[in-house]
Amino acid sequence: LVGVSANSDARLGDVPENLCYALFRKKVWPSDLGVPVASFSDYNCPYCRVQTMELAELSAGSSPQFVITWHELALLGDMSELAAKAALAADRQGAYVAFQKKLMTSALVPTPAYLQEIANNIGIDGGQLLSDMQDPQILAMIRDTRDLSKHLRFIGTPGLVVGRTVILGYMPIDQIEKLIDLETELGVPAFCQG
């Protein structure tokens, strides 16, 4: 992983036991899946909104094969954290991408009523969403993402890990496509091999 090293400095976050799993949700990355991509974003970050929508469009098209793992890195206050919890709760109902899109394309006012309304509008149970947002597992996921971001030395958002390459800040989508092509040629990162 470019620019990342194990360090005992607690400010950098604990080194994950399995970095591949922490980033991409797989302990070993199958070579036939394409390039693994981890996206770290905050709903209050304007560059994240652009980057997220571009990545979502790219992944829906016939561009280079890659798989995105979305990480909620709520750094910009309580509203960001509330939105992150809601997105993770929507994921439990199989609606992460739809919920994420609604949050990324609307004015962010994440009150419980607003979040429940979004849930109902995309066809999931708004009451269940609000309940799931309080689950300690969701809070642990947000904490784990923060720890992982410290290990990666992300001081803000957006952040990306494309294969073995770490990027902090917005990157134009054509440059991401070139990076995906390069990572395809390089193959599965060593930290994701069995």
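Odds and ends about this structure:
- Overall form of the range 87-134 per C-alpha gyration tensor (a/c, 1.5; a/b vs b/c): oblate
- Value of relative contact order over the chain, rounded to a whole percent, pairs C-alpha under 8 Å and six or more apart: 34 percent
- When 106, 39 are compared by accessible area at a 1.4 angstrom probe, the order from most to least is 106, 39.
- One decimal place: the segment residue 184-residue 17 gains 57.6 nm when fully extended, by the rule 0.36 nm per residue minus the C-alpha distance.
- Computed on the Cα trace of the chain, the radius of gyration divided by the Kirkwood hydrodynamic radius gives Rg/Rh = 0.96.
- Taking each DSSP H run with n ≥ 4 as -39500 (n - 2.57) and averaging over every residue of the chain yields -14500 deg cm²/dmol at 222 nm.
- Segment residue 125-residue 191, length gained on full extension (0.36 nm per residue, minus Cα span): 19.9 nm
- Shown is the FRET efficiency for residue 79 and residue 150, computed with R0 = 22 Å from the Cβ-Cβ distance and rounded to the nearest 0.05: 0.55.
- Note on residue 28 and residue 173: with the Förster distance fixed at 30 Å, the Cβ-Cβ geometry gives a FRET efficiency of about 0.60.
- Each distinct pair of alpha carbons in the range 34-110 adds a 1/r term; the inverse of their mean, the Kirkwood radius, is 12.8 Å.
- Modelled FRET efficiency - R0 25 Å, residue 139 with residue 50, Cβ distances, 0.05 increments: 0.35
- Proximal aspartates and glutamates relative to residue 150, as straight alpha-carbon distance under 12 Å, when same-chain residues fewer than 8 apart are discounted: 9, 14
The values are calculated or read from the model by the stated rules, or taken from the named source; none is laboratory data. From a predicted model like this one, the values you see are computed outputs, not experimental measurements. Quick reminder, even Gly has a Cβ in these numbers, built from the backbone with ideal geometry, and neighbours come from all protein chains shown. Note: areas computed on protein heavy atoms with side chains; ligands, DNA, RNA excluded. Shrake-Rupley method; radii C 1.70, N 1.55, O 1.52, S 1.80 Å.
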